[in-house]
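K.L.:
Before we start, here is the structure in question, set down as structure tokens.
The values are calculated or read from the model by the stated rules, or taken from the named source; none is laboratory data. On a predicted model such as this, the values are computed, not experimentally measured, just so you know. Cβ: placed from backbone, ideal geometry, glycine included. Neighbour counts: every protein chain shown.
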Amino acid sequence: MKLLLHCCCGPCALVTADHFRSSNTAVVGWFYNPNVHPVEEHARRAATMAAAANSANLAMLPDGPAMTLADFLLSLARVSGPRCSGCYLLRLRATARKAAEQGFNAFSSTLLISPYQDLAAIAEVGKEAAGAAGVEFRFADLRDEYRESCGRARDLGLYRQSYCGCLFSALERAARRVRRAVDRACAAPTG
Ligand code: SF4
């Protein structure tokens, strides 16, 4: 069994690759995340992925291309449904096609280890992409292993991003920080 693993980032790839390798499967990674902006952040995550793959002995295909912000937003606008489902579809459809082209039997994604992602939507999108490309989508709920993944990334000194990837998620993170700061200020004793 040969599996192409869509890698959203280095930290999430460490444990996910081991999970699939443990079932007698040859795993190759592919970094394809045109959702990540700005371009400096995309480059930083790609470099972190390369370092993680090196330390985990994970073979990688050449990285998939980045996208301009305008092209990414257009690709989301073409898909009906929630923003994240469109983003998963963009990445998993390309991974499924790549897997079929390169002779893999199956594909999966490191997104499955993240407690911040919608696994039901990923399962649905993965199945759809698999059917269209004629390869199997391997689903596993790996969220219980997220802490271990973070620990390994910390031990290796890998960069761990603080927002999912798109500029919407960066703005949502900033809004959460502002809300927390306001709550703290309001809770502080006066006078
Ligand atoms: S929050 Fe994450 S999954 Fe959702 S659209 Fe943004 S980058 Fe994609």
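K.L.:
Quick one: would you say Val125 is away from the ligand (no atom under 16 Å from the Cβ), farther than 18 Å from His42 by Cα and either modelled with pLDDT under 95 or of a type in the set (Val, Ile, Thr) (or both)? If you could, list the steps in order and put the result at the bottom.
P.N.:
Working: away from the ligand (no atom under 16 Å from the Cβ): no; farther than 18 Å from His42 by Cα: yes; either modelled with pLDDT under 95 or of a type in the set (Val, Ile, Thr) (or both): yes.
When the stated conditions are applied, Val125 does not pass them.
K.L.:
Given the structure, is Val79 among the aliphatic types (A, V, I, L, M), assigned to a loop (DSSP other than H, G, I, E, B) and within 20 Å of Leu158 (Cα to Cα)? Before the answer, list the steps.
P.N.:
Numbers: among the aliphatic types (A, V, I, L, M): yes; assigned to a loop (DSSP other than H, G, I, E, B): yes; within 20 Å of Leu158 (Cα to Cα): no.
No, not satisfied.
K.L.:
When you go through Ala46, Ala53 one by one, which is the residue that is touching a residue at least 40 places away in the same chain (Cβ under 8 Å), farther than 20 Å from Arg147 by Cβ and in a helix (DSSP H, G or I)? If you could, list the steps in order and put the result at the bottom.
P.N.:
On the way: Ala46 fails: touching a residue at least 40 places away in the same chain (Cβ under 8 Å).
Being touching a residue at least 40 places away in the same chain (Cβ under 8 Å), farther than 20 Å from Arg147 by Cβ and in a helix (DSSP H, G or I) holds for just one of Ala46, Ala53, which is Ala53.
K.L.:
May I pose another question? Condition first: in contact with a Lys or Arg (Cβ under 6 Å, 6 or more places away or on another chain), part of a helix (DSSP H, G or I) and surrounded by 21 or more Cβ atoms within 10 Å (Cβ to Cβ). Can you find one or more residues in segment 5-13 that meet it?
P.N.:
Yes, segment 5-13 contains a residue that is in contact with a Lys or Arg (Cβ under 6 Å, 6 or more places away or on another chain), part of a helix (DSSP H, G or I) and surrounded by 21 or more Cβ atoms within 10 Å (Cβ to Cβ).
K.L.:
Out of curiosity, is Leu76 surrounded by 15 or more Cβ atoms within 10 Å (Cβ to Cβ), closer than 13 Å to His6 by Cα and under 17 Å from the mean Cα position of the chain (by Cα)?
P.N.:
In short, no.
K.L.:
Which one is nearest to Cys150 (Cα to Cα), of the residues in segment 91-113 that are of a type in the set (S, T, N, Q) and buried (at least 16 other Cβ atoms within 10 Å of the Cβ)?
P.N.:
Initially, segment 91-113 is screened for residues of a type in the set (S, T, N, Q), giving 95, 102, 105, 108-110.
The next check asks that each one be buried (at least 16 other Cβ atoms within 10 Å of the Cβ); those that pass are 95, 108-110.
On the way: Thr95: 24, Ser108: 20, Ser109: 17, Thr110: 13 Å.
Ranking the candidates gives Thr110 first.
K.L.:
For Val79, all conditions in the list (1) farther than 27 Å from Leu171 by Cα; (2) within 16 Å of the ligand (Cβ to nearest atom) hold save one; what is the number of the exception?
P.N.:
Here Val79 clears every test but (1).
K.L.:
Here's a follow-up. Please work out which one of (1) away from the ligand (no atom under 16 Å from the Cβ); (2) over 17 Å from the mean Cα position of the chain (by Cα) is the condition Leu171 fails and give its number.
P.N.:
Exception for Leu171: condition (1).
K.L.:
A further question on this structure: On the basis of being within 25 Å of Leu76 (Cα to Cα), more than 17 Å from the chain's Cα centre (by Cα) and modelled with pLDDT under 95, does Arg180 make the cut? Talk me through it step by step, then tell me what you get.
P.N.:
Working: within 25 Å of Leu76 (Cα to Cα): no; more than 17 Å from the chain's Cα centre (by Cα): yes; modelled with pLDDT under 95: yes.
In short, no.
K.L.:
Sticking with this one: Among residues belonging to segment 85-102 that are touching a residue at least 60 places away in the same chain (Cβ under 8 Å) and assigned to a helix (DSSP H, G or I), point out the one that is nearest to the ligand (Cβ to nearest atom).
P.N.:
Ranking the candidates gives Cys87 first.
K.L.:
Here's something else I'd like to know. Do we have Gly64 as under 20 Å from Lys2 (Cα atoms), within 16 Å of the chain's Cα centre (by Cα) and either hydroxyl-bearing (Ser, Thr, Tyr) or in a loop (DSSP other than H, G, I, E, B) (or both) here? Reasoning before the result, please.
P.N.:
On the way: under 20 Å from Lys2 (Cα atoms): yes; within 16 Å of the chain's Cα centre (by Cα): yes; either hydroxyl-bearing (Ser, Thr, Tyr) or in a loop (DSSP other than H, G, I, E, B) (or both): yes.
Judged against the criteria, Gly64 is a match.
K.L.:
Can you tell me which residues in segment 114-144 are of a type in the set (Gly, Ala, Ser), under 22 Å from Glu101 (Cβ atoms) and buried (at least 18 other Cβ atoms within 10 Å of the Cβ)? It would help to see each step written out before you state the result.
P.N.:
In the first step, residues of segment 114-144 are kept if they are of a type in the set (Gly, Ala, Ser); the result is 114, 120-121, 123, 126, 129-134, 140.
Applying the additional criterion that residues be under 22 Å from Glu101 (Cβ atoms) yields 126, 129-134.
Residues satisfying the conditions are Gly126, Ala129, Ala130, Ala133.
K.L.:
A further question on this structure: Give the residues of segment 145-167 that are buried (at least 18 other Cβ atoms within 10 Å of the Cβ), away from the ligand (no atom under 16 Å from the Cβ) and hydrophobic (A, V, I, L, M, F, W, C), sorted by residue number.
P.N.:
Scanning segment 145-167 gives Ala153, Leu158.
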